[in-house]
There are 4 protein chains.
Amino acid sequence: MSRIAYLGPRGSFSEAALRSLPAAASAEMLAEISVPAALNAARTGVVDAALVPIENSVEGSVPLTLDELSNGVPLVIVDEAVVAVQFALVAPRGTKLAGVRRIATHPHAQAQVRGWLDVNLPKAIVIPALSTSAAAAELVDGGCNYDAAVAQVTTAEIYGLEVLADQIADNPDATTRFVLVQLPGSVPASTGADKTTLSLFIHQDQPGALLSILTEFAVRGINLTRIESRPTRKQLGDYYFSVDIEGHVSDSRVAEALMGRHRVCLDVRYLGSYPRHDGNVAVLRAGVTDAEYAQAQVWLTKLKGN
Amino acid sequence: MSRIAYLGPRGSFSEAALRSLPAAASAEMLAEISVPAALNAARTGVVDAALVPIENSVEGSVPLTLDELSNGVPLVIVDEAVVAVQFALVAPRGTKLAGVRRIATHPHAQAQVRGWLDVNLPKAIVIPALSTSAAAAELVDGGCNYDAAVAQVTTAEIYGLEVLADQIADNPDATTRFVLVQLPGSVPASTGADKTTLSLFIHQDQPGALLSILTEFAVRGINLTRIESRPTRKQLGDYYFSVDIEGHVSDSRVAEALMGRHRVCLDVRYLGSYPRHDGNVAVLRAGVTDAEYAQAQVWLTKLKGN
Amino acid sequence: MSRIAYLGPRGSFSEAALRSLPAAASAEMLAEISVPAALNAARTGVVDAALVPIENSVEGSVPLTLDELSNGVPLVIVDEAVVAVQFALVAPRGTKLAGVRRIATHPHAQAQVRGWLDVNLPKAIVIPALSTSAAAAELVDGGCNYDAAVAQVTTAEIYGLEVLADQIADNPDATTRFVLVQLPGSVPASTGADKTTLSLFIHQDQPGALLSILTEFAVRGINLTRIESRPTRKQLGDYYFSVDIEGHVSDSRVAEALMGRHRVCLDVRYLGSYPRHDGNVAVLRAGVTDAEYAQAQVWLTKLKGN
Amino acid sequence: MSRIAYLGPRGSFSEAALRSLPAAASAEMLAEISVPAALNAARTGVVDAALVPIENSVEGSVPLTLDELSNGVPLVIVDEAVVAVQFALVAPRGTKLAGVRRIATHPHAQAQVRGWLDVNLPKAIVIPALSTSAAAAELVDGGCNYDAAVAQVTTAEIYGLEVLADQIADNPDATTRFVLVQLPGSVPASTGADKTTLSLFIHQDQPGALLSILTEFAVRGINLTRIESRPTRKQLGDYYFSVDIEGHVSDSRVAEALMGRHRVCLDVRYLGSYPRHDGNVAVLRAGVTDAEYAQAQVWLTKLKGN
């Protein structure tokens, strides 16, 4: 039986995301206290894989995950999951909504329920917590300095809490995307509806570097579905780019674009090719299919007369 | 006397940044508890301007600031400041380094001292705080559940604490950039070394939208010094782009590029033209100076025969 | 009554093209012996305008016309005409097709009837002539060293010749485009279906100059309908580009693109904006209409606060 | 001993160009009466190779050569030569310059001595000839209807004529480029200073097709040294592009670009890779050398784990 770490504690959105993946079916699931801890477990072989959040439809990318994956021992993404992010206000049994004075939650969650709090608990003070689940868990002991927590509704059942209000997110369609990572080995087979994730480190302060990156992908008919600039932790204005592109490293157009970037970039970190959670097949423009690549190779070989 | 809000509390990096600006010389300075609070004070006229962090050389952009400025009542940037970000471990007098078990700090600060903590206090637990200054301030009362705080060294003097270790950031050159914003009025005059900040909202899911944006700037010889994609809070993959470009809205090339983006984008939010903190004058390629724009206009008028 | 020169002699395709234009209705038409002679008549004021061929669907551009218009006293195009180019084999009355041994014609015409000659008169020798009309005209005197001419069928009537074979062009749809030029004055009003012709001289041997030119037009949503590289008569590899673009100099997008090219090119020769012969209205992409340009200007003025 | 055809007659610039090539050293040289005739001799195996003019620094490309090479039985360029193009006025012995009334020459030559004729023989009539050499050759018989010819000075010696004036070209630095073509077989080995010639046929009326072509080359760091648009002989506005690029088909960057064009274009006709006459080695930007291509391939293979 395989072992998979996730960003805990129990009841977290990460746990829900992990349960939605085939890999979880026969796996032992281990809650870790932070993204670095979960990744480290995968890097050291303590677990076979780790599931961490990478992007939220409201808050944007999770910089810690991007930065951790872009440095250190290489890990590659082998699957992804997207889960709806809903929040509830949970508290020890007997708590009255009107009596809530102090609320703990993760800052990302706070941002997503700001509107609801402004209307329903305008005077409540919000205290930052390491995670929404942790905020809920500490309510059980009673020794914490707050009355309620904004967390996933399932934490109420897990920790024996009461749901004071459910579905309180300002945007009811918010989602978070999670990725399952493991040490590099064989790349998951192409499904025809795949994504590839890359971290592209450019030379110094190159004006036009990003334009060059985008042009290289466009020339091969490859769409980007996500792009982030991230500091390299050296100085202001020194960036790397984290991108998701449509396609699989076994696609000729993707392979050619990756090699093109490898030749020009300071460094290209390949973070894996994996099936898209939505199963959307990329719409390709003429001239970039594998069959067309193969035909062009035949043509070239012939005209070179060898 | 003008009034300027900043991200407090007293002793924060924001306060240091504000003090470095000419505008602070004759101003009353007001500490606010959060970025939204500081910006709101400026939006409602409670203060004349507000200073908030926008970008850190280690942690990246400050999403909250970008998102707040890109939505709601318009504010424009009129000046910027960059300050070195250093950290100290501070504690009530008499605390021994070896005895520190629990440390409070802001998660961004934690990320920047991670290496030092791993070496010097590997067993210490780190507790997230709203800000580094707040973490230090709460040590004064004695009722908090931690022994020390990672904060700016000046907090020791302000709050009567002891410096257990100074300059503990893993990257000694880390800096944070702050912007001074106010309600739109007259644009600061061009100094010849200016930047312009924009939020560009694109139509739906346009493949090639970013390539188009970069090409428009490149065609007019305009360099980008920062680019971020940010979710519009609607759905995964729906972005806006936050960019800093070299030049001032009164430069012909910048004006032309802005109008070009206005015609094509769903929305362009102009966030101001202001002097660069480093005074670097943009190196322009041939054909994009104001003089050349003016000559081209004369030429065109003449050939149109009117 | 105005006077218009054309590339003669009588019966030429130029004459037919000129007769198709409104300007010819009330004009005195003067046949000139060459393109330079016709243009010179317009340049010196001997005539009010001149009509010359600029492009053929089979033979390509007419380099002499492009080069003459791109140098010397400026002339601008004010109208264009396209006529079908058909050829007949004409000869003095009594000539038998089987007896034709030597045929005179212009080399361009020869190229367009090559297939017919290979089949029908495979042994005939073709002698180059200054023009098809001239080849026909000389047959009248009888002293020429050839038996027949490939020329426009109307020359038979004009010069009292016999048509041995009509419609002998290999490509029955061949056309030639002619332009009516005059000294610069007022630009013809925009009709909504116009073209603009330019000669763009680039600095020395600039790799990427053409890419830059095309990008500038693409950024403003302007299509090219013709592009030619022509030597500047200095050295191999030193080119200028002759282009036709969709739109009128009074269109904002065209004006902006022209000024952009003026700033960057060594020289831009504006050769006129004039109605398209086919009346095709350009299909514009979003963001490049005059209304959108005007709205963008209003927006910019407002945000500059003046 | 090999046999090489050239555009005759004896004394032509083509002959001079052919003599400058190594291939001519041990070859039998055959004068042909036209470019198509010379190419046809190579296509049918009557000769081993053919030398024809392709580009003149004053008159531009030789459309007939480009069109002939771009259609019909494939031929490939294996070498090139550039010769200075100078002209003399030659006539039968005893002719006086002042007495010259009618002059024969090829229209290209006429264009290059126009200035000299305007000054020295303003009233002389110029009669077009098939070639400058032919114009000189016919003077020998005495039966022609002109007094002198503008031709290469060597024709005087060959045909026993007198040089009335030498070096009469308006541009003393004019040159013509010639190419040696043969049936496809083995490609000449890369010399490190090579060019590759292509004819690119695009789909219908594709706006942006040329921009796409140029971008593909630019992305691989490949410079163009010549580009021509040529009509496909179908209708106005239907073009193919004839281009010379720096590099050899055995260079990885060139091979990749060619395959890219093959996938997207209606047709790509490869017209050969051959040593540059000037021996100029292309200056490559970082990331496009064969070594870098090979390293990128190694990297890709490794990350695919196979």
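Computed from the coordinates by the stated procedures, all read-outs in this text should not be read as laboratory data. Keep in mind the model is a prediction, meaning the values are calculated, not measured. Note that each Cβ is placed from the backbone with ideal geometry, even for glycine, and that neighbours are counted across all protein chains shown.
Data for the structure
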{"quantity": "Antiparallel bridges, percent of DSSP beta bridges restricted to the range D:1-119 (to nearest 5)", "calculated": "20 percent"}
{"quantity": "C:VAL281/D:HIS203 FRET efficiency (R0 22 Å; Cβ-Cβ; nearest 0.05)", "calculated": "0.45"}
{"quantity": "Rounded tilt (10° steps) of D:290-303 against the dominant C-alpha axis of chain D", "calculated": "20 degrees"}
{"quantity": "Closest Cβ on chain D to the rotation axis that carries it onto B (distance rounded to whole Å)", "calculated": "D:THR215, 5"}
{"quantity": "Cα gyration tensor shape of the range D:88-165, rounded if a/c is under 1.5, else prolate or oblate by comparing a/b with b/c", "calculated": "rounded"}
{"quantity": "Residue list for the range A:127-144, given a label point 7 angstrom along the Cα-to-Cβ vector of B:ARG102 and an amide N cut-off under 17 Å", "calculated": "A:127-131, A:134-144"}
{"quantity": "Degrees, to the nearest 10: D:252-264 long Cα axis against longest axis of chain D", "calculated": "90 degrees"}
{"quantity": "Copy-to-copy label separations for B:VAL281, where each label sits 7 Å from Cα toward Cβ, in nm and ascending", "calculated": "3.9, 5.0, 5.9"}
{"quantity": "Computed over the range C:88-165: relative contact order in percent, which uses C-alpha pairs under 8 Å that are six or more apart", "calculated": "51 percent"}
{"quantity": "Using a Förster distance of 45 Å, the FRET efficiency for B:ALA193-B:VAL298 (Cβ separation, nearest 0.05)", "calculated": "0.95"}
{"quantity": "Taking A:LEU180, C:LEU117 and counting other C-beta atoms within 10 Å, the order from fewest to most", "calculated": "C:LEU117, A:LEU180"}
{"quantity": "Beta bridge orientation in chain A: antiparallel %, DSSP, nearest 5", "calculated": "75 percent"}
{"quantity": "Overall form of the range C:188-306 per C-alpha gyration tensor (a/c, 1.5; a/b vs b/c)", "calculated": "oblate"}
{"quantity": "Label spacing, shortest first and in nm, from A:ALA193 to its equivalents in the remaining copies (7 angstrom along Cα→Cβ)", "calculated": "4.6, 5.4, 5.7"}
{"quantity": "Antiparallel %, DSSP beta bridges [both residues in the range A:88-165], to 5", "calculated": "50 percent"}
{"quantity": "Efficiency of FRET between D:SER186 and B:SER26 - r from beta-carbon atoms, R0 60 angstrom, step 0.05", "calculated": "0.15"}
{"quantity": "D:LEU266-C:ARG93 pseudo-label distance in nm [points 7 Å out on the Cα-to-Cβ vector]", "calculated": "4.7 nm"}
{"quantity": "Charge tally in the Cβ shell below 11 Å around A:ALA286, where Lys, Arg are +1 and Asp, Glu are -1, A:ALA286 excluded", "calculated": "+1"}
{"quantity": "Relative contact order, percent, chain C [alpha-carbon distance under 8 Å, six or more residues apart]", "calculated": "20 percent"}
{"quantity": "Residue (of C:VAL83, C:THR154, C:VAL113) at the positive-pole extreme of the range C:62-163, dipole from beta-carbon charges", "calculated": "C:VAL113"}
{"quantity": "Share of alpha-carbon pairs per 20 Å distance bin for the protein assembly as shown, given as whole %", "calculated": "10, 32, 29, 17, 10, 2, 0"}
{"quantity": "Shielding score for D:286-293, defined as the mean number of other chain Cβ atoms within 10 Å", "calculated": "3"}
{"quantity": "Angle in degrees between helix D:209-219 and the longest Cα principal axis of chain D, rounded to the nearest 10", "calculated": "70 degrees"}
{"quantity": "Per-residue [θ]222 nm for chain A (sum of -39500 (n - 2.57) over DSSP H runs n ≥ 4, rounded to 500)", "calculated": "-8500 deg cm²/dmol"}
{"quantity": "For the range B:186-306: relative contact order, % (alpha-carbon pairs under 8 angstrom, 6 or more apart)", "calculated": "38 percent"}
{"quantity": "Rough spin-label spacing in nm, given labels placed 7 Å along Cα→Cβ, for D:ALA291 and A:ARG19", "calculated": "5.7 nm"}
{"quantity": "Hits among aspartates and glutamates - C-alpha to C-alpha of D:LYS123 under 20 Å, sequence gap 8 or more where chains match", "calculated": "C:GLU32, D:ASP147, D:ASP166, D:ASP170"}
{"quantity": "Qualifying lysines (Cα of each under 28 Å from Cα of C:LYS195; at least 8 residues distant if same chain)", "calculated": "B:LYS302, B:LYS304, D:LYS234"}
{"quantity": "7 Å along Cα→Cβ, label-point gaps from D:ARG101 to other copies, nm, shortest first", "calculated": "2.7, 12.2, 12.3"}
